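A.B. asks: There's a structure below that I have some questions on.
The values are calculated or read from the model by the stated rules, or taken from the named source; none is laboratory data. What you see is a predicted model, and the numbers here were worked out from it, not measured in a lab. Counting neighbours? That spans all protein chains shown, and the Cβs are built from the backbone with ideal geometry, glycine included. Surface areas here come from the heavy atoms of the whole protein model, side chains and all, with no ligands, DNA or RNA. Shrake-Rupley method; radii C 1.70, N 1.55, O 1.52, S 1.80 Å.
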Amino acid sequence: KQWYQRRVRGSSIMLKFTTLLLVLSGAALATNKETFRLSFGQKGLDWFETVVASMNDILREVIMSGLVIPPMDMNGVAVEQLKMRDMTLPKPDLSIVEGSGYKLNANGLLMVIDGAWSYGFFSGGLTVNTKLNLEAIASVDADMKRGKFRTNGEACDVDFVSLEIDMGNDLLNRIAQGMVEDVKTEIAGIVCKEVDTALDSGINRLLNAIPSEVKLHLLEEIVFTFAPDADPIYSADHVDVPCRVHAKSKVPFPFAPQGITDSLDPEYIGCVLLSDYLVNSVSFLAQGKGAIRESIPNK
């Protein structure tokens, strides 16, 4: 697998220029055109699945330690002190939903939950064993007012393969059969709430932590901001994330703005696309500061 598409090939001089270009890619003047695009396809999601699967034990501990299961009232039977004792996370399956966002399938999620029940003067312990399939759809939208990207949960569905309630003896277990559907509803709500929490407090917190204003060491008079240009575009085989770079600079740019028309080859994990305007502007500034000392052939 290749991590990105190389748009520039040639001598070591061109390689130096490309490296500097990526470092200084924010030094372009603000335009009314998209200047920077991140694209990735299904192969990129497949790679991310492998990364997540390799962190299975860590994710399991985080979920189990942070999961709060509220008390339940099942036809007069109070079920409380619920705590996750064990969980088995399947490898996630990520895919692109054309025009909508991303789909997560986690089939075969196993959970063991311990708790206590009480009914009048009677009480005891119980254990819930369940196996379920989770399907969730999320999108990433551009918050143009704040200049940030934000994830949103679009849909969540839980399909139970099995659910058993063990209350300690056969008589009570038969009575518990009448509680199964109510318990399924409660657990489905808890799982989907956890998905929304992971998106809101986890991924969005990470996106908000990405700095939007940066000063460059080589070009200290330049302050640039990185912001969305539009909502991501979800195609059948890849996702485009359009971005725009705004720079505050006293240096005039002798280039006309051009948009980006190229797209990702879905055979690759992902790529970074830069507009010609961005390339020319960065090289213009860098040459003026003496950052580029090489002569690059015009061919």
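A.B. asks: Only one of Val77, Val68 is within 30 Å of Leu172 (Cα to Cα), surrounded by 15 or more Cβ atoms within 10 Å (Cβ to Cβ) and at pLDDT below 90; which? Spell out how you get there, then give the answer.
C.D. replies: Details: Val68 fails: surrounded by 15 or more Cβ atoms within 10 Å (Cβ to Cβ).
None of the others qualify; the one that does is Val77.
A.B. asks: Additional query: Looking only at region 146-193, filter to residues that are polar (S, T, N, Q) and out of contact with any strand residue (DSSP E or B) (no Cβ under 6 Å at 6 or more places or on another chain); which one of those is farthest from Val68 (Cα to Cα)? Before you say what the answer is, go through the steps one by one.
C.D. replies: Filtering region 146-193 down to residues polar (S, T, N, Q) leaves 151-152, 162, 169, 173, 177, 185.
Then drop every residue that is not out of contact with any strand residue (DSSP E or B) (no Cβ under 6 Å at 6 or more places or on another chain), which leaves 169, 173, 177, 185.
On the way: Asn169: 27, Asn173: 25, Gln177: 24, Thr185: 16 Å.
The qualifying residue farthest from Val68 (Cα to Cα) is Asn169.
A.B. asks: Among the residues of region 161-183, are any in contact (Cβ under 8 Å) with a residue 60 or more places away in the chain, part of a helix (DSSP H, G or I), aliphatic (A, V, I, L, M) and closer than 30 Å to Lys103 by Cβ?
C.D. replies: Applying the first criterion (in contact (Cβ under 8 Å) with a residue 60 or more places away in the chain) to region 161-183 yields 178-179, 182-183.
Now restrict to residues that are part of a helix (DSSP H, G or I): 178-179, 182-183.
Those still in the list that are aliphatic (A, V, I, L, M) too: 179, 183.
Within this subset, residues satisfying the condition of being closer than 30 Å to Lys103 by Cβ are 183.
Yes: one or more hits.
A.B. asks: For region 79-100, how many residues are at negative phi and either among the small types (Gly, Ala, Ser) or in a loop (DSSP other than H, G, I, E, B) (or both)?
C.D. replies: Of the residues in region 79-100, the ones at negative phi are 79-80, 82-98, 100.
Still in the list and also either among the small types (Gly, Ala, Ser) or in a loop (DSSP other than H, G, I, E, B) (or both): 89-92, 95, 98, 100.
Residues that pass the stated criteria total 7.
A.B. asks: Filter region 99-141 down to the residues that are at pLDDT 90 or above and acidic (Asp, Glu) and list them by number.
C.D. replies: Asp114, Glu135
A.B. asks: Let me ask you something else. Within region 86-103, can you find the residues that are open to solvent by 30 Å² or more (accessible area, probe 1.4 Å), in contact (Cβ under 8 Å) with a residue 60 or more places away in the chain and hydrophobic (A, V, I, L, M, F, W, C)?
C.D. replies: Val97
A.B. asks: Considering only region 125-145, how many residues are open to solvent by 30 Å² or more (accessible area, probe 1.4 Å), under 25 Å from Pro71 (Cβ atoms) and in contact (Cβ under 8 Å) with a residue 40 or more places away in the chain?
C.D. replies: So the answer is 1.
A.B. asks: Out of region 42-58, which residues are touching a Leu at 6+ places or on another chain (Cβ under 6 Å) and either open to solvent by 80 Å² or more (accessible area, probe 1.4 Å) or within 29 Å of Ile233 (Cα to Cα) (or both)? If you could, list the steps in order and put the result at the bottom.
C.D. replies: If we filter region 42-58 for residues that are touching a Leu at 6+ places or on another chain (Cβ under 6 Å), which is where we start, we get 45, 49, 56.
Of everything in region 42-58, those that are touching a Leu at 6+ places or on another chain (Cβ under 6 Å) and either open to solvent by 80 Å² or more (accessible area, probe 1.4 Å) or within 29 Å of Ile233 (Cα to Cα) (or both) turn out to be Leu45, Glu49.
Table: residues versus (1) open to solvent by 50 Å² or more (accessible area, probe 1.4 Å); (2) modelled with pLDDT of 65 or more; (3) over 21 Å from Leu104 (Cα atoms).
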| site | (1), (2), (3) |
| --- | --- |
| Asp196 | yes, yes, no |
| Arg205 | yes, yes, no |
| Thr225 | no, yes, yes |
| Ala230 | no, yes, yes |
| Val272 | yes, yes, yes |
| Asp276 | yes, yes, yes |
| Leu285 | no, no, yes |
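A.B. asks: Taking Val62, is it surrounded by 14 or more Cβ atoms within 10 Å (Cβ to Cβ), modelled with pLDDT of 70 or more, more than 29 Å from Asp237 (Cβ to Cβ) and β-branched (Val, Ile, Thr)? First the steps, then the outcome.
C.D. replies: Working: surrounded by 14 or more Cβ atoms within 10 Å (Cβ to Cβ): no; modelled with pLDDT of 70 or more: yes; more than 29 Å from Asp237 (Cβ to Cβ): yes; β-branched (Val, Ile, Thr): yes.
It is false that Val62 is surrounded by 14 or more Cβ atoms within 10 Å (Cβ to Cβ), modelled with pLDDT of 70 or more, more than 29 Å from Asp237 (Cβ to Cβ) and β-branched (Val, Ile, Thr).
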